[in-house]
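To start, the structure itself, in structure tokens.
The values are calculated or read from the model by the stated rules, or taken from the named source; none is laboratory data. Only a predicted model underlies this, so the values are computations on that prediction, with no experimental measurement involved. FYI the Cβ positions are ideal-geometry reconstructions off the backbone, even for glycines, and counts take in every protein chain you see.
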Amino acid sequence: MENKGLKEKYIELNMGPQHPSTHGVLRLKLLLDGETVKNVEPVIGYLHRNAEKICELDFYCDALIYFDRMDYVGAMNMEVGYLEAAEKLLNIEPPERVVWIRTVMAELNRLASHLVWAGAFGLDLGMLTPFFYVFEQREKILDLFTEICGSRQETNYMSIGGVYQDFNDKIIYKIKEFTKQFPKKLDEVYNLLAKNDIFISRTKNVGILEPEVALDYGVTGPMLRASGVPYDVRKAEPYLAYDRVNFDIPISKGKDVLARFVVRFEEMRQSVKIINQAIDKIPDGPYFNPKARKSLMLRLRGEGDVYARTESPKGEFGVYLVGDGSVKPYRVHVRSPSFKNLSILPYLSKDVLIADMVAISGSIDLVFGEVDR
Amino acid sequence: MNLLLRISSILSVFGHYPSFILAYIIETLMVIIFATVVVAGMVYLFRKYMARVQMRVGPNRVGKAGILQVMADGLKLIQKESIMPEGRDDLAYKVAPVLIFFGLIMGFIFIPYGPLAWFGQLTVSHSDVSLIIIFALIAIMPIGEILSGISSNNKYAVLGALRGVAKDISFEVPMMLSILAVVMMASVKVSNPLDINGVVVAQSIPFAILEPLGFFVFLISMAARASYSPFDMGESDSELVTGNTTEYTGLRFGLFYLGLFGTIFLGSMLISTIYLGGYYGPYTNYAGFIWLLIKTVVLVVISLTIWLSMPRVRIDKFVTFGWKYLLPISFINLIITGILIFGGIA
């Protein structure tokens, strides 16, 4: 009975998987009452590549490239996430130099990821220009990556117990040069967006997410911090060298889309702070653990199960590894933050306009390599 | 002496009436060519300017500095296969882009272009009520938008068309009210205030100075009419793909594209004609047309800057803005104009 009534009144609209604002391959089944969104049903899986299962079929060291391709915008953080788990399972300690190098790289990639988000968010709101401003900076980061690891996005830079290439003075100089000019450019983009009245009217009080609801849904990362919960794995359960650098966890009481925007930009400023400290603290030493040198790499065996969590640009990234004593992991499971954050979209976009729904889905920061895995 | 008379005197060998008809046809063709060339130039300007703003190079491969890129794109659009959606309302689907083009070109015909050196007055056609005619003709274009939206059997297109309607009705009333204030102001000085040429003649002081509120309302209305960002809710690409033009390809899409850029140019021309003194400037009798063009291009560049630096307004916010702010403002403008006229200031 009710269904019949629904059909007469509402329009069903299929947004995606090929649509300009679905960030890749998200498909949204919308139920519209005119312009008002009555119901959203995200349909995912269009980029499912079975990454977890493939990881189980390969050696421990080979899983990295699949993790690169999960959150391809923040590949370094994915590698850090996997290695936190794998090194715990395989009992391999990375040398001190490697820890600091990884910290720098992870933060650089966090910058790149947030920049991409800012550009795409501008596009979602119908603003093309900031996209190019942020991509100029992102390109500089990717140039640094090219120089260090020979690859731009899916870097495959880190390895178990080390990194593939050592930092040299030239790279350190270049990173310093980059962080010197970056905050000014960041402010430029920030002012272009956040000081625009239309931008504020589009984002303020849109998609309000109460902290209790956010916690219930398992939302993490900037989304959660924008709701006023100061939870960041880097502080709560420090990994790498985060307990030895000085930085703040930006939170906002706004709870809306604008708050998420502000939090992400503040996070970028904090990341620059971390990089500036970490780059000076990189100690001398080997850049890989001899226990995991190349000739031994395929013979690494792990037993037991570990769960390691890290703070990826999207939120809490967890990796669960089970080893059965062989050279391959028995089970690899990933808790991907984008996936958990996406689950809040139907809740947030009840009875909002289509334009608001796009702004909300833009504010989640979705990367589909990671949602679908 | 105007251009029409000159052409007809050249053609007078064909007889009196045929030469007039021929002269009209020739001048109308000239206007169409003018509009197309101007729009092509604008697209080039837009792309170069946009590239400049966004720290890119812009078109630079076809021709010197990419000048021929627009032509290449146009040719591509013309020779492209026209893919039409199934289940469309055929007539409406095909008529819609033509209506848009028609409204645009007809809008250009009544604008007083002013004198240019030997050619004399360039105005194609004039009427005692040309101000009303122009806005009536421009009002044809939304019909094209709506038809294209509802005929192409696509939900995005329908939503885009609905947004277009909501947008149009919320700014057209204030726009016409601000025009009414202009007519009142002009009626003090000239006997034909409904003739757009009379409005230009009446501007010994530009109306933008006498009626800043009306100028503001009209500026926003013209931006909304041309529907570029921040007023591009109709074809908002991140929400509705491209709104009412989603199902159009090839030449028909080209006509919509022409309509978008043409409306920006036409709107800028109308603003400069009605509020900024039109073709008036130093050496009006020789270079009036040049003055009009200069004012128009400055306004076009301002429009493009707004386009490139603003996010999209949400449709309900714009409707609220139209009825809650623009309409009262235009009424206040009307009252102030009346006071100015009675006080003998204007």
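Structure above, values below:
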| quantity | calculated |
| --- | --- |
| In segment A:98-149, the residues that are at the interface with chain B (Cβ under 10 Å from one of its Cβ atoms) and of a type in the set (A, V, I, L, M) | A:ALA120, A:LEU123, A:LEU125, A:MET127, A:LEU128 |
| Within segment B:14-65, considering residues that are over 28 Å from B:VAL298 (Cβ atoms) and of a type in the set (Phe, Trp, Tyr), the one surrounded by the fewest Cβ atoms within 10 Å (Cβ to Cβ) | B:TYR17 |
| Filter result for the condition that a residue is buried (at least 18 other Cβ atoms within 10 Å of the Cβ), in contact with an Asp or Glu (Cβ under 9 Å, 6 or more places away or on another chain) and modelled with pLDDT under 85, over A:ALA278, A:ALA292, A:ALA241, A:ALA226 | A:ALA292 |
| Sole residue being more than 14 Å from every other protein chain (Cβ to nearest Cβ) and under 21 Å from A:LYS204 (Cα atoms), chosen from A:LEU321, A:LEU300, A:LEU353, A:LEU345 | A:LEU345 |
| Residue selected from segment B:197-218 under the condition more than 18 Å from the chain's Cα centre (by Cα) and of a type in the set (S, T, N, Q), by the criterion nearest to B:LEU104 (Cα to Cα) | B:GLN203 |
| Qualifying residue in segment B:124-142 (condition: part of a helix (DSSP H, G or I), under 29 Å from B:ASP316 (Cα atoms) and either hydroxyl-bearing (Ser, Thr, Tyr) or touching a His at 6+ places or on another chain (Cβ under 7 Å) (or both)) | no |
| Condition check for A:GLY81: without any contact (Cβ under 8 Å) to a residue 24 or more places away in the chain and either in contact with a Lys or Arg (Cβ under 9 Å, 6 or more places away or on another chain) or under 23 Å from A:ILE274 (Cα atoms) (or both) | no |
| Members of segment A:145-198 found to be of a type in the set (Ser, Thr, Tyr) and within 30 Å of A:MET297 (Cα to Cα), listed by number | A:THR146, A:SER151, A:THR155, A:TYR157, A:SER159, A:TYR164 |
| Residue count, segment B:207-218 (criterion: buried (at least 24 other Cβ atoms within 10 Å of the Cβ) and aromatic (Phe, Trp, Tyr)) | 2 |
| Check on B:TYR286, more than 20 Å from the chain's Cα centre (by Cα), touching a residue at least 40 places away in the same chain (Cβ under 8 Å) and buried (at least 24 other Cβ atoms within 10 Å of the Cβ) | no |
| Criterion violated by A:SER113 - all others in (1) of a type in the set (Ser, Thr, Tyr); (2) surrounded by 24 or more Cβ atoms within 10 Å (Cβ to Cβ); (3) more than 23 Å from A:LEU192 (Cα to Cα) satisfied | (3) |
| All helices (runs of 4 or more DSSP H) inside segment A:158-243 with 2 or more residues being of a type in the set (S, T, N, Q) | A:169-194, A:197-203 |
| Criterion: modelled with pLDDT under 85 and under 30 Å from B:VAL165 (Cβ atoms) - qualifying residue of A:GLY24, A:GLY5 | A:GLY5 |
| Options B:ILE111, B:ILE83; residue that is in contact with a helix residue (DSSP H, G or I) (Cβ under 9 Å, 6 or more places away or on another chain) and buried (at least 20 other Cβ atoms within 10 Å of the Cβ) | B:ILE111 |
| Evaluation of A:ARG234 against (1) within 21 Å of the chain's Cα centre (by Cα); (2) within 14 Å of chain B (Cβ to nearest Cβ); (3) charged (D, E, K, R) (one fails), failing number | (2) |
| Test: residue in segment A:194-203 that is within 14 Å of chain B (Cβ to nearest Cβ), within 25 Å of A:ASN276 (Cβ to Cβ), surrounded by fewer than 22 Cβ atoms within 10 Å (Cβ to Cβ) and not basic (Lys, Arg) | yes |
| Whichever residue in segment B:219-278 is charged (D, E, K, R) and part of a loop (DSSP other than H, G, I, E, B) and, among such residues, is surrounded by the fewest Cβ atoms within 10 Å (Cβ to Cβ) | B:ASP237 |
| Top-ranked residue in segment B:296-330 [being within 20 Å of the chain's Cα centre (by Cα) and within 14 Å of chain A (Cβ to nearest Cβ); ranked as nearest to B:LEU266 (Cα to Cα)] | B:LEU304 |
| Checklist (1) surrounded by fewer than 21 Cβ atoms within 10 Å (Cβ to Cβ); (2) touching a residue at least 12 places away in the same chain (Cβ under 8 Å) applied to B:MET310, failing item | (1) |
| Filter pass, A:ASP232 being out of contact with any Leu (no Cβ under 6 Å at 6 or more places or on another chain) and surrounded by fewer than 19 Cβ atoms within 10 Å (Cβ to Cβ) | no |
| Segment A:11-38: number of residues that are under 15 Å from B:VAL241 (Cα atoms), in contact (Cβ under 8 Å) with a residue 40 or more places away in the chain and hydrophobic (A, V, I, L, M, F, W, C) | 4 |
| Segment B:219-234: number of residues that are away from chain A (no Cβ under 12 Å) and within 12 Å of the chain's Cα centre (by Cα) | 7 |
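This table checks each residue for (1) at pLDDT below 90; (2) touching a strand residue (DSSP E or B) at 6+ places or on another chain (Cβ under 6 Å); (3) over 30 Å from A:PRO211 (Cβ atoms); (4) of a type in the set (Phe, Trp, Tyr).
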position	(1), (2), (3), (4)
A:VAL272	no, no, no, no
A:PRO283	yes, no, yes, no
A:TYR287	yes, yes, yes, yes
A:VAL327	yes, no, yes, no
A:ALA355	yes, no, no, no
A:VAL358	yes, no, no, no
A:ASP365	yes, no, no, no
A:ASP372	yes, no, no, no
